[in-house]
Amino acid sequence: MSTREELLVQMQQHPDIVLLMKEVRTILDGETKKRAEFRNLIHENVTAEFINGEIVYHSLPKEGIGEY
């Protein structure tokens, strides 16, 4: 049995599964909102990624750095 299947079995057997599912939905809704905000912020001059629910900005290399 895979870890995913084991987790699902554990959840099904948990007495508070309805509350757990509500908490999961709240977490997922929050991430969906953050992801939408991320997509609205991104344009050609912004280098960033959405990683584990967080926006990670990257700085562009400065001119002359790394040039030989």
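None of the figures in this text is laboratory data; all of them are computed from the coordinates on show. Please read all numbers here as calculations on a predicted model, not as lab measurements. Note: ideal-geometry Cβ built from the backbone for every residue, glycine included; neighbour counts use all protein chains shown.
Cβ crowding within 10 Å ranks HIS58, HIS43 as HIS43, HIS58, fewest other Cβ atoms first.
Under a model in which nothing but the beta-carbon of Lys, Arg (+1) and Asp, Glu (-1) is charged, the chain shows a dipole of about 220 debye around its Cα centre. Per-residue ellipticity at 222 nm, computed for the chain from helices alone with -39500 (n - 2.57) per DSSP H run of at least four residues, works out to -18000 deg cm²/dmol. Across all Cα pairs in the stretch 3-58, the calculated P(r) in 10 Å bins from zero up to the longest distance comes to 21, 33, 24, 17, 5 percent per bin.
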